[in-house]
1. Given the residues Gly73, Gly94, Gly88, which is the only one that is modelled with pLDDT under 85 and either more than 28 Å from the chain's Cα centre (by Cα) or more than 23 Å from Leu263 (Cβ to Cβ) (or both)?
2. Please pick out the residue among Glu288, Glu316 that is modelled with pLDDT of 90 or more and open to solvent by 40 Å² or more (accessible area, probe 1.4 Å).
3. Kindly indicate which of Ile271, Ile298, Ile303 is open to solvent by less than 60 Å² (accessible area, probe 1.4 Å), at pLDDT 85 or above and part of a strand (DSSP E or B).
4. Out of the residues in the range 623-657 that are modelled with pLDDT of 85 or more and of a type in the set (A, V, I, L, M, F, W, C), state the one that is least open to solvent (accessible area, probe 1.4 Å).
5. Looking only at the range 604-618, filter to residues that are surrounded by 19 or more Cβ atoms within 10 Å (Cβ to Cβ) and either closer than 22 Å to Leu532 by Cβ or touching a Ser or Thr at 6+ places or on another chain (Cβ under 6 Å) (or both); which one of those is modelled with the highest pLDDT?
6. With (1) in contact (Cβ under 8 Å) with a residue 24 or more places away in the chain; (2) closer than 20 Å to Ala207 by Cα; (3) open to solvent by 60 Å² or more (accessible area, probe 1.4 Å) as the list, and Glu258 as the residue in question, which single condition is left unmet?
7. Being open to solvent by less than 30 Å² (accessible area, probe 1.4 Å) and among the aromatic types (Phe, Trp, Tyr) is the filter; apply it to the range 224-255 and report the residue that is farthest from Ile173 (Cα to Cα).
8. Can you confirm whether the range 173-184 contains a residue that is more than 30 Å from Asp439 (Cβ to Cβ), modelled with pLDDT under 90 and within 25 Å of the chain's Cα centre (by Cα)?
Amino acid sequence: MKAITLLESITGIRDKYILEAHGEVSPQRKRPSNRKFLLIAAILAVMLLLAGCVAYVLSLRDLKVGDWSTAQGQPAATNKNELISLQGFAGTPGYQALQEWLAFREAYDPDGNLLKLSPFDDYVEPEEYRVYTCYTREMVEKVDELCQKYSLNRITEVYVTAPEEEVYEAVGIPGVLNPNAPAEVQTYGWYYTSDGSFHLEGDAALAGEESNPIAFQYSCVRKDSFCDYTLNVGDIDRYEQWRVSQDGRQVLLALSWEKGLILADLDNCFISINILPGEQPLSQEVLEAFASIFDFSISPQPIDAAAAKQREAAREAQQARIRLENQQATAPKSYEEYFLAHRSDTNGYYTLLDFDGDGTEELAVGYGSAQDYSMLYTLKNGYMEELPFDAYYTGFWIRWAQDGAPVIQSTQVHGNQTYYLFLEVDGDTLRYRDFLKRDLSSNADGPWFRCTNAPGEDVRAFRESPMYWEEISLEVYDSICDEYSYREPEVHSFAEGAVSATDLYTRFQSLFPDKMLFYFQDDFDNDGVLDLAVMYDGWFRAVCLLDGQGRMLTQWIHEDGFLFYEAHNAGAQPVSNEGKLPGFTETRDGVEYHTFLRILKDGFFLRDCLRYDPNGGDAKWAKAELDSWDIPVESIPEQWKPISQQEYQQLLESYQVFVYEAG
């Protein structure tokens, strides 16, 4: 900026000086005067004033847009909780729009009543306004008004993504870190928006620092968008503030006793990095080193919506394949297999019904009262699959429609609203037959409503769709409910029907017709009843244990099965009161583990765990520190006690393999 331009922008400078600077005063020969020096002094003063303005702009105080209590419509708090803008400083369009938006929200719904009623009224927030949490039409109109008034773009879409590289590709930048950043950085929680803004979280371990990694939140918001994000920084007066120069930019650093902030005003965006509180307070040196990790020369661009949708669809398809593979790796292949695994659920029960008439029975499972079910399964592609019953509606009953089809009924009470769902099974999908609600907010007698566009809709997808309600009379409501009658279904208990061990073996064999199965019996849990161990494709190594009542003691404790051992005391005699002990050996990341277990009625519990780590230095041989023998397998402690090689060998030899005669 030229000095004359500076002069013109500051009031209080005499017109004569300005004219002289422009050269518009008629040239006359004058005697030397100090007027030239006054002009130079004025220019210097203005430049110093400008420098002061820059310092003021890049300060936390000038980023403040309100208080947390103000934004929430609550009385002022005792402790200061001041909010700053994440889009820019005072006077910028984004700042002004945000400030006006917060004031509007405070005055519009100060007690939150409209928000409480929003899930139950007929208004459905347009998808492209959801980033602003507009739960009424007036709020949508206010967003449009602010965008038009301040010439800002509306953020219409949020893309939650898994791979970090997808964010950078979408917004057109190489990344957020300097190539030679003196730190190890891990990022997660990435998402970006339609305007090119993006956000992520991470941890950074600075080189040469022995403290724990520093957790941070990174936000980059474009200046030409309307963003309603704010950051609660506590009491601004508690911060020490200073500036550093990096990547040709002035970066504001702010440090209080509990957190740090890094703020940078770039050409088309505003970057804010929030350092989360850690175990140790930050120093100025550490905060400056932390700031040097990041690249402050980036320029994010609006995204290509079509390309973003394609990336999102490809990622979701890949995640669906992974979920299916994981499900098929663990899901039972039949209801019989499921029953065997749940025989110990003495308060569990089930009903088998062909809900959709396709010839495949569905499995309804419940616990406690036999009238209330919580899970619904079907068989698909050779595996059990849980139907997507919406968890928002907890529990269901079985009713029968007038056409004889079984129907799922569920009731959900939320505030003054009560919802009544009648659902039908369609393959692996649940669809509405009827959807009713009763609104008690106005009076205790209703009114009653029926959702006119719900029948036939997928339960999952419909929750994101507009719902159109028509008011109905109590008589109409009663007539709809009367269409779904109750009759007692055939209910079975998981624990019913005690069978012999050989019968269980026969049933188990039917589940794995392609395996060569063997079994042997012993009283593994010392309850006086013979139990059953099942092996396949080999001798001595068991894969499953069931007690004499058919309850599963354990299943698939290790993918390679397990052996049985006898524990011997110092006199080389078996410990008589423990019976046979399952055990297995495995190697993980080059470390060898020997695990020995006890069998109780509730399953497997740890007895001993030994470890040999060839790279363990003075702790090559170690024994897990167990406070009790009754520690479940999944609760193996991380504490290990180093022992000598001789002690290790003696402990290992105290467990001797016991070979059963299998049938």
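The values are calculated or read from the model by the stated rules, or taken from the named source; none is laboratory data. Only a predicted model underlies this, so the values are computations on that prediction, with no experimental measurement involved. Using ideal geometry, Cβ is built from the backbone for each residue, glycine included, and neighbour counts are taken over all protein chains shown. Heads up: the accessible areas ignore ligands, DNA and RNA and are worked out on the full protein's heavy atoms, side chains in. Shrake-Rupley method; radii C 1.70, N 1.55, O 1.52, S 1.80 Å.
1. Working: Gly94 fails: modelled with pLDDT under 85; Gly88 fails: modelled with pLDDT under 85.
On inspection, the qualifying residue turns out to be Gly73.
2. Every option except Glu288 fails the conditions.
3. Numbers: Ile298 fails: part of a strand (DSSP E or B); Ile303 fails: part of a strand (DSSP E or B).
Exactly one of Ile271, Ile298, Ile303 is open to solvent by less than 60 Å² (accessible area, probe 1.4 Å), at pLDDT 85 or above and part of a strand (DSSP E or B), namely Ile271.
4. So the first thing to find is which residues in the range 623-657 are modelled with pLDDT of 85 or more, and the list is 623-624, 640-656.
From what is left, the residues that are of a type in the set (A, V, I, L, M, F, W, C) are 624, 640, 643, 651-652.
Working: Ala624: 3, Trp640: 52, Ile643: 23, Leu651: 47, Leu652: 42 Å².
Checking each candidate, the answer is Ala624.
5. Restricting attention to the range 604-618, the residues satisfying the condition of being surrounded by 19 or more Cβ atoms within 10 Å (Cβ to Cβ) are 604, 606-611.
So of that shortlist, the ones also either closer than 22 Å to Leu532 by Cβ or touching a Ser or Thr at 6+ places or on another chain (Cβ under 6 Å) (or both) come out as 604, 607, 609.
Details: Phe604: 66, Arg607: 82, Cys609: 88.
The selected residue is Cys609.
6. Result: Glu258 fails condition (2) only.
7. Ranking the candidates gives Tyr239 first.
8. If we filter the range 173-184 for residues that are more than 30 Å from Asp439 (Cβ to Cβ), which is where we start, we get 173-184.
Pick out the ones that are also modelled with pLDDT under 90 and you get 178-184.
Now drop any that are not within 25 Å of the chain's Cα centre (by Cα), which leaves 184.
Checked the range 173-184: at least one residue is more than 30 Å from Asp439 (Cβ to Cβ), modelled with pLDDT under 90 and within 25 Å of the chain's Cα centre (by Cα).
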